[in-house]
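Below is one structure, written out as structure tokens; comments come after it.
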Number of protein chains: 2
Amino acid sequence: MSRTIEFKSLAPHVSLGDLVYQQIVEALVSGQYAGGEELNEVILAAQFHVSRTPVREALRRLAAEGLVVNQRNRQTTVVEISPSEVVQTYQVRQILEAAAARMAATHISSTRLAELKGLAKAATPRSDADWGNGERKFDEELHRAVAESCGNAKLQREIQRYNNLVRFVRSRVARSPQHLAHGHTEHLQILTALEHRDPTKAEAAMSAHIASALQVVLEELPLLARRP
Amino acid sequence: MSRTIEFKSLAPHVSLGDLVYQQIVEALVSGQYAGGEELNEVILAAQFHVSRTPVREALRRLAAEGLVVNQRNRQTTVVEISPSEVVQTYQVRQILEAAAARMAATHISSTRLAELKGLAKAATPRSDADWGNGERKFDEELHRAVAESCGNAKLQREIQRYNNLVRFVRSRVARSPQHLAHGHTEHLQILTALEHRDPTKAEAAMSAHIASALQVVLEELPLLARRP
DNA sequence: CGGATGCATACTGTATACACTTTGCGGTGC
DNA sequence: GCACCGCAAAGTGTATACAGTATGCATCCG
């Protein structure tokens, strides 16, 4: 299994710990590690051509975010996601982002709204094969805009922090891009509620959106068992 | 300023990093550091009679929780809490715990409810000087019970993690114990809603409770300026 | 043949040494 | 006198050496 990793990047004032962290997150979120797999500090250090110190730093950070588990004197292991934990993760996301949507309805700037409308148009598929990229970008930007525009930096921070776990969980269970098409009308409803500056509707739309995303994911759950 | 710290405790399978972390949290939450104060790794290591490694670990963890800030190549500093950040912190807490209360209404066990009722009785003051301890214990246990009984381990974890920041913020601004007396009837309303298994009322009661706790704190805000 | 015991091994936990970055101060040249 | 340059000190970032702990295996005893 070739899992060699290249970087030693050109970034000047970013610590190796940060780089290693980002690399491992990317690897985890793109499904390169199996649930329960052991992450050996020495091996990782060799792969990244750094010492154990930055690797340890990254692993502790990942553990704090819930992507890996480390018990004292044991190798840290990639978290195993049970169906019930998928539900729990989406529930927490629902709680955080629904609240953010409610607040964003009164705080979001009109320029930001205009940006989103542009992306929404771009995401509308010309052909049916055309889904994918445009919709994914719209999805990401919408959620990001809601978090950034909620008017509460601490809530924004929690949402973005939690997003790593969400991406991790999703990468374990969602394979088909069907949820993208599925989510388009929901996204538009959220956007419309924001345009109308309607907190209640924005909250409800976001809540429904995440609930339905969970449903889509749950239908694919049998996949959970067989992972690389 | 004698800030010597004793431990080197008897705990067998707890790492020094954990111990240092707990000690610093305790120090931060009990107001032993001023906002903006610099936390020097070497000095802390000396105070705890350990090397810099566990200290660094603890500091990174605290940074992840938002109690301190560290920029690359700069000393980590204790976070400075502005009035607006007090509001933001309580808002996030409100979002998380109100949701937990709603869920706990359907999940909490009757034995747990009985425990809480016992504490509630014990917290009712015989004399007026008697507030304080009983009420604080009731408060803590109620919030803990709600988090633990919400039926979502991930939500519970986020609440407990966030609680460190809440305690930190509160320690900066709340001086008088007046909020304890103030909160008693609100606590009872939460408990009653839980007993009635009424999610909506439980959520509303918790939400109102935290909002009013914020109000009490805001009235003491002038204190924010002058800290040790 | 089964089980317990001791040892080797492979890790993580901690300490320490070294490198790099930032910053403030002092000297020097204009 | 002022500005700029350079250097030294202090502090963090990283690497590495050392210590401690859990675990599997082999061996020995019953």
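The table that follows gives values for the structure above.
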| quantity | calculated |
| --- | --- |
| Between the stretch A:135-201 and the stretch A:75-102, the alpha-carbon center distance in angstrom | 14 |
| All-pairs alpha carbon distance profile, the stretch B:141-217, 5 Å steps from 0, percent | 3, 14, 21, 26, 21, 11, 3, 0 |
| Residues of type aspartates and glutamates that A:LYS117 reaches as a straight line, Cα spacing below 16 Å, ignoring anything fewer than 8 places off in the same chain | A:GLU135, A:ASP139, A:GLU140, A:GLU141, A:GLU186, A:GLU195 |
| Rounded to whole Å, sorted largest first: equivalent-ellipsoid semi-axes of the protein assembly as shown, Cα gyration tensor | 36, 31, 22 |
| Closest approach to the A/B rotation axis among chain A Cβ atoms, residue and whole-Å value | A:ALA64, 3 |
| Sequence-separation-based contact order of the stretch B:16-78, relative, with Cα cut under 8 Å and 6+ spacing, percent | 42 |
| Phi-based couplings in Hz for the stretch A:155-164 (Karplus 6.51, -1.76, 1.60; Gly and Pro marked x) | 5, 3, 4, 4, 5, 5, 4, 5, 4, 4 |
| Taking the C-alpha atoms of the stretch B:28-75, convex hull volume expressed per residue in Å³ | 81 |
| Copy-to-copy label separations for A:ALA181, where each label sits 7 Å from Cα toward Cβ, in nm and ascending | 6.6 |
| Least to most buried among B:LEU44, B:LEU221 (fewest other Cβ within 10 Å first) | B:LEU221, B:LEU44 |
| Amide H partners (placed H, <5 Å) of B:THR76, local residues excluded | B:LEU39 |
| Taking N as its residue count, the alpha carbon Rg of the stretch B:14-147 over 2.2 N^0.38 Å | 1.35 |
| Stokes-Einstein D in µm²/s, Kirkwood radius over Cα pairs - chain B at 37 °C with 0.692 mPa s viscosity | 173 |
| Label geometry 7 Å along the beta-carbon vector: A:GLU115 inter-copy distances in nm | 4.7 |
| Position B:ALA46, label points 7 Å along Cα→Cβ, spacing to each other copy in nm (shortest first, one decimal) | 4.0 |
| Karplus-derived HN-Hα couplings along the stretch B:204-218 (A = 6.51, B = -1.76, C = 1.60, θ = phi - 60°), whole Hz, x at Gly and Pro | 4, 5, 5, 4, 5, 4, 6, 4, 6, 4, 4, 4, 4, 5, 5 |
| Expected 222 nm ellipticity per residue - DSSP helices of 4 or more, -39500 (n - 2.57), all of chain A, to 500 | -22000 deg cm²/dmol |
| Top positive-direction residue, dipole computed over chain A with Cβ charges, set A:ALA27, A:ALA213, A:VAL50 | A:VAL50 |
| Helix A:178-195 axis, angle to chain A major axis (alpha carbon atoms, nearest 10°) | 50 |
| Residue of A:GLY66, A:GLY183, A:GLY118 that the Gaussian network model of chain A assigns the largest fluctuation, springs spanning Cα pairs under 10 Å | A:GLY118 |
| Sorted by Cβ density within 10 Å, fewest first, the residues B:ILE190, A:ILE159 | A:ILE159, B:ILE190 |
| Normalised contact order of chain B, rounded percent, pairs of Cα under 8 Å and 6 or more residues apart | 25 |
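Each reported figure results from applying straightforward, stated rules to the coordinates on display, with no laboratory input. Since the model is a prediction, treat every value here as computed from it, not as a measurement. Please note: Cβ atoms are built from the backbone with ideal geometry, for glycine as well, and neighbour counts cover all protein chains shown.
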